[in-house]
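Here the structure is laid out as structure tokens; the discussion comes afterwards.
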Amino acid sequence: MNLQDTDFELFGVPSTFLQDRAALDARWKELQREAHPDRFISQGAAAQRIAMQWSVRINEAYQRLKEPVRRASYLCELNGAPIHAEDNTAMPGDFLMQQMEWRESLDDASEAGAIDALQAEVDAARARALSSLDWLIDEKADYQAASQQVRALMFIERFAQDVEAKADALGQ
Amino acid sequence: MALLQISEPGQAPDPHQRRVAVGIDLGTTHSLVAAVRNGVAECLPDDQGRAILPSAVRYLDAERRQIGFDAVAARAQDPANTITSVKRLMGRGLADIAHRDAMSYGLVDDGGMVKVRTVAGDKSPVEVSAEILATLRFRAEDTFDDDVHGAVITVPAYFDEGQRQATKDAAQLAGLNVLRLISEPTAAAIAYGLDNGSEGVYAVYDLGGGTFDISILRLTQGVFEVIATGGDSALGGDDYDHALADAVLARASRQAVGDADRAAVLVAARTAKEALTDADVVPFVAALGGSELHVEVTRAQFDDATQALTDRTIAAVRKALRDARLKAADLQGIVLVGGATRMPQIRQAVAAFFGRAPLTNLNPDEVVALGAAIQANQLAGNAGADDLLLLDVIPLSLGIETMGGLVERIVPRNQTIPTAMAQDFTTYKDGQTALAVHVVQGERDLVSDCRSLARFELRGIPPMSAGAARIRVTFTVDADGLLSVAAKEQGSGVEASVTVKPSYGLSDDQIATMLQESFSTAQQDMQARALVEARVDADRMLMATQSALDVDGDLLSTAERSIIDTLMQALRDAKSSTEAAVVEAATKTLAEGTEAFAAQRMNHGIARALSGRQIESL
């Protein structure tokens, strides 16, 4: 085992999209129990530095594995279909139409009920996109199509954040 | 020290060499010190058996001061020189302070930072806090008849870097070695969780004298994972006093004029507030400008006057739950911390929000100091403390300034530490050869609404057209929460970096000067102490090296082995010196000489442990 292992190797889990979140959580804590700098507190600067490298690496892997979109993105990248979110924003027309409709609804929403309704709609869209990822990656191994789906999910997540921000602003 | 005992992580090489490590709750209204004795954390009382030290300092003249109960007793007669609630001023500028008019002592601006005007001169909040910390340090040293090796000091989760640095400065000024700052709710959870052997997700609602914190934690087999924190660093029990005082004055059509009036009305409000915990109607008595104000206050009136404050705390709770992606029903329990949570309206509001009664079986005043003591015992490397692991998070987002005064977030809040996160940026002008990096902290989108932490420049970027350079900015936060930022142009490899020490605290020079002038450190004491510490470190280094050689000595060539043997002998000889610097230098030389060996063993050790875990868990 070394710092260059993939997240899946480090966590000792199969490199599939489908993951058991509880197992990831437990494994993360097991790994940190072994490698966290606080475990080597009386052992000096060199030990602290190396423990920190491992601990940072474990946290990085955990962050990527536990978030479905990041996990899918990582799998696409490992399998030769990187996402390139910043320079690849071309999306299907109907998807963009829906995004615009959502934006308008968010701008118009002025009370908790409207925000909640929009939130439910976004959650449903996210759930649909995630289950298609499950199929594209684990069943069909079609990483190009999965990569496109990840980009769509990134739009959805960004919008979900804006919904949350608005909910914050409305003080609910 | 560089050599390791892989077999027993977290333990000192010699279990008999216990170090005195304390936990300190430096509170707005009162402070406590606790330590682990015989495996149990307990608060250390003063010589009159009182665990609580009121966070009050009264300056009598240039030389003399009263600290704690004596200062509180004198508050009404000498309000201008009796400093209370100084925690609210830590790491703050004059403009940041709420209720300035209602404070009973005078504030002045000193180069952007606030100071308190006293008969002993202008005092920084750091100096005032240092008086309180030093009093607690002396208490611990008297209790153990030994030097304090180090302290874990608690701060509100929502304290920003400036406020944290000011707290560290105060500790240094008080002659304390800070092992770590941890957040108050986390400390409470450690004390509570270890006490009850609990598992599951808990919310800690901590309303202190001047700050409000909410933390959501998950407890599993000794691992404390902070999931989300939130709060308000300028909302606390004091605000309830102010709100009650204002309401009573308004109803009686009276005004508080001058420092003495204000102090009197605040003392009366606080007395009434505390009495209303058990009674429905209480008298409110204050001497104002010679004539006495005497009215009755009901709990309903108090609730009304403070409803907006209570609502603010519940809004923060809601936000923290949303950050944690949890619902109120997902929680195992709600822990109340802080004296202000004794107020019935708080308990009702919390119970109503969570749909269950909060847990209150530990003393809300002591629980934070107890948790800090447990963590201090571990961080001092004392044996038997290794069943605890705290996986903490950064409380506020970190980012850099981009075009137009906007913040680009690099590390989002609630990220588990240690962490390293990077983002790529580019130049916006043709031929641009330098880039200014401005590091900021906060949740707002505009730089002007966030705390500025540091600035540095990346120079020597080869001239390119706009947008061609790839500059990777990496934020690294270690387990202590210390941030370093590096910027590197990927093509040419030019780089620059900074370790963030915010300008809100004191400079090292200022601290050195203050230490020299200060109460806590006669020169000779310092030297004797330094020598003892240096010899302890030398012994630990020698023992660690020896045990590393015993286990993995065969990894070394004969030549490498003989270099280490020589360095060890040199350190044994140096130990008889009476100069701390000589012992330290020899320890450092041995540490450096064994560093490569240590790194090799450490990497193998962790990799082996991680792989072993994997086989076990499959």
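The values are calculated or read from the model by the stated rules, or taken from the named source; none is laboratory data. If you're wondering where the values come from, they're calculated on a predicted model, not measured in any experiment. Cβ placement follows ideal geometry from the backbone for every residue including glycine, while neighbour counts extend to all protein chains displayed.
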### Query
Across region B:473-498, which residue is surrounded by the most Cβ atoms within 10 Å (Cβ to Cβ) among those that are under 19 Å from B:E408 (Cα atoms), more than 14 Å from chain A (Cβ to nearest Cβ) and not aliphatic (A, V, I, L, M)?
B:E489
### Query
Only one of (1) surrounded by fewer than 16 Cβ atoms within 10 Å (Cβ to Cβ); (2) part of a helix (DSSP H, G or I); (3) without any contact (Cβ under 8 Å) to a residue 24 or more places away in the chain fails for A:Q43. Which number is that?
(1)
### Query
Checking B:I182 against (1) modelled with pLDDT of 90 or more; (2) hydrophobic (A, V, I, L, M, F, W, C); (3) over 22 Å from B:A316 (Cβ atoms), which single condition isn't satisfied?
(3)
### Query
In this structure, does B:V317 turn out to be more than 14 Å from every other protein chain (Cβ to nearest Cβ) and under 22 Å from the mean Cα position of the chain (by Cα)?
no
### Task
Quick one: which strands (runs of 3 or more DSSP E) lie wholly within region B:370-424 and hold at least 1 residues that are over 20 Å from A:N59 (Cβ atoms) and within 14 Å of chain A (Cβ to nearest Cβ)?
B:406-411
### Message
So, in region A:92-114, exactly how many residues are closer than 17 Å to A:V163 by Cβ, among the acidic types (D, E) and modelled with pLDDT under 90?
### Response
3
### Task
State which residue is nearest to B:M421 (Cα to Cα) when the search covers only region B:455-498 and only residues that are part of a strand (DSSP E or B) and of a type in the set (K, R).
B:R472
### Query
Out of (1) under 30 Å from B:T298 (Cβ atoms); (2) among the hydrophobic types (A, V, I, L, M, F, W, C); (3) part of a helix (DSSP H, G or I), the odd one out for B:L321 is which?
(1)
### Query
Of the residues that make up region B:155-174, is at least one surrounded by fewer than 24 Cβ atoms within 10 Å (Cβ to Cβ), at pLDDT 90 or above and not in a helix (DSSP H, G or I)?
no
### Single condition A:T89 does not satisfy, out of (1) surrounded by 14 or more Cβ atoms within 10 Å (Cβ to Cβ); (2) modelled with pLDDT under 90; (3) away from chain B (no Cβ under 13 Å)
(1)
### Task
Look at region B:296-307 and say how many of its residues are assigned to a helix (DSSP H, G or I) and either more than 19 Å from B:D213 (Cβ to Cβ) or more than 33 Å from the chain's Cα centre (by Cα) (or both).
8
### Task
Spot the failing condition for B:R356; the list is (1) over 23 Å from B:D238 (Cα atoms); (2) in a helix (DSSP H, G or I); (3) touching a helix residue (DSSP H, G or I) at 6+ places or on another chain (Cβ under 9 Å), and only one is missed.
(2)
### Message
I want to confirm something. Restricting to region A:15-39 and keeping residues that are in contact with a helix residue (DSSP H, G or I) (Cβ under 7 Å, 6 or more places away or on another chain) and not in a helix (DSSP H, G or I), which single residue is farthest from the other protein chains (Cβ to nearest Cβ)?
### Response
A:F17
#### Entry: Residue satisfying condition, being buried (at least 19 other Cβ atoms within 10 Å of the Cβ) and either out of contact with any His (no Cβ under 9 Å at 6 or more places or on another chain) or assigned to a helix (DSSP H, G or I) (or both), within set B:A279, B:A247, B:A243
B:A243
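Residue-by-condition table, conditions (1) among the hydrophobic types (A, V, I, L, M, F, W, C); (2) part of a helix (DSSP H, G or I); (3) under 17 Å from the mean Cα position of the chain (by Cα):
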| position | (1), (2), (3) |
| --- | --- |
| A:V56 | yes, yes, no |
| A:Y62 | no, yes, yes |
| A:Y74 | no, yes, yes |
| A:E101 | no, yes, no |
| A:L118 | yes, yes, no |
| A:D134 | no, yes, yes |
| A:S147 | no, yes, yes |
| A:A152 | yes, yes, yes |
| A:F159 | yes, yes, yes |
### Query
When A:A167 is evaluated against the numbered criteria (1) within 19 Å of the chain's Cα centre (by Cα); (2) aliphatic (A, V, I, L, M); (3) surrounded by 19 or more Cβ atoms within 10 Å (Cβ to Cβ), which criterion, by number, is the only one it fails?
(1)
### Message
Residue under question is B:V297, and the condition is that it be touching a residue at least 24 places away in the same chain (Cβ under 8 Å), touching a strand residue (DSSP E or B) at 6+ places or on another chain (Cβ under 6 Å) and away from every other protein chain (no Cβ under 14 Å); does it hold?
### Response
yes
### Query
Before we move on, is B:G381 in contact with a helix residue (DSSP H, G or I) (Cβ under 7 Å, 6 or more places away or on another chain), crowded, with 19+ Cβ neighbours inside 10 Å and among the small types (G, A, S)?
yes
### Summary
All conditions in (1) more than 14 Å from chain A (Cβ to nearest Cβ); (2) at pLDDT 70 or above; (3) farther than 27 Å from B:S183 by Cβ are true of B:E533 except (1)
### Test: residue in region B:133-152 that is under 24 Å from B:Y240 (Cβ atoms) and either surrounded by fewer than 22 Cβ atoms within 10 Å (Cβ to Cβ) or of a type outside the set (F, W, Y) (or both)
no
### Task
Tally the residues that are free of Cβ contacts under 8 Å to residues at least 12 places away in the same chain and more than 14 Å from chain B (Cβ to nearest Cβ), restricting the search to region A:58-78.
1
### Query
Of all strands (runs of 3 or more DSSP E) completely enclosed by region B:23-119, which ones contain at least 3 residues that are out of contact with any helix residue (DSSP H, G or I) (no Cβ under 6 Å at 6 or more places or on another chain) and either surrounded by 14 or more Cβ atoms within 10 Å (Cβ to Cβ) or touching a residue at least 12 places away in the same chain (Cβ under 8 Å) (or both)?
B:106-110, B:113-118
